[in-house]
Amino acid sequence: MHTLLRATLHRASDANTKKAYEKKEYDFSKGRRGAVVTPARGKSRITIRLDDEILNWFRREVHKAGGGNYQTLINHALLIRV
């Protein structure tokens with residue numbers, strides 16, 4: 001696996017990202033529909049159709065690495081290729 005991909009997976013599985021935010025009750029009275037998080041500068045939200053085989057490969061790689069985000073892994077794979 002490429003070093004950049006491995007580093008991304010390692011950062012994504014950092015213990016800080018696994019904190020549990022559990023409450024006994026949640027107040028959704030001020031909740032809104034739609035995207036909750038605005039994309040970071042330089043990022044765009046898109047819809048893309050990928051073959052199941054491709055998507056499953058990225059998900060397996062993230063799982064084998066102990067967690068992370070398969071979308072970030074796809075992004076880094078594309079950056080390496082382009």
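Pairs linking a residue in region 50-68 that is touching a residue at least 24 places away in the same chain (Cβ under 8 Å) to a residue that is in a loop (DSSP other than H, G, I, E, B) and open to solvent by 100 Å² or more (accessible area, probe 1.4 Å), with Cβ atoms under 9 Å and 6 or more positions apart or on different chains, are 61/1; 65/1.
When restricted to residues that are modelled with pLDDT under 85 and either outside any loop (DSSP other than H, G, I, E, B) or of a type in the set (Phe, Trp, Tyr) (or both), region 29-54 contains 0.
In region 31-44, the residues that are among the hydrophobic types (A, V, I, L, M, F, W, C) form Cβ pairs under 8 Å with partners that are assigned to a loop (DSSP other than H, G, I, E, B), at six or more places apart or across chains, as follows: 35/45.
The values are calculated or read from the model by the stated rules, or taken from the named source; none is laboratory data. It should be emphasised that the depicted structure is a prediction, and the values quoted were computed from it without experimental measurement. Note that each Cβ is placed from the backbone with ideal geometry, even for glycine, and that neighbours are counted across all protein chains shown. Just the protein is used for accessible areas: all its heavy atoms, side chains included, with ligands, DNA and RNA removed. Shrake-Rupley method; radii C 1.70, N 1.55, O 1.52, S 1.80 Å.
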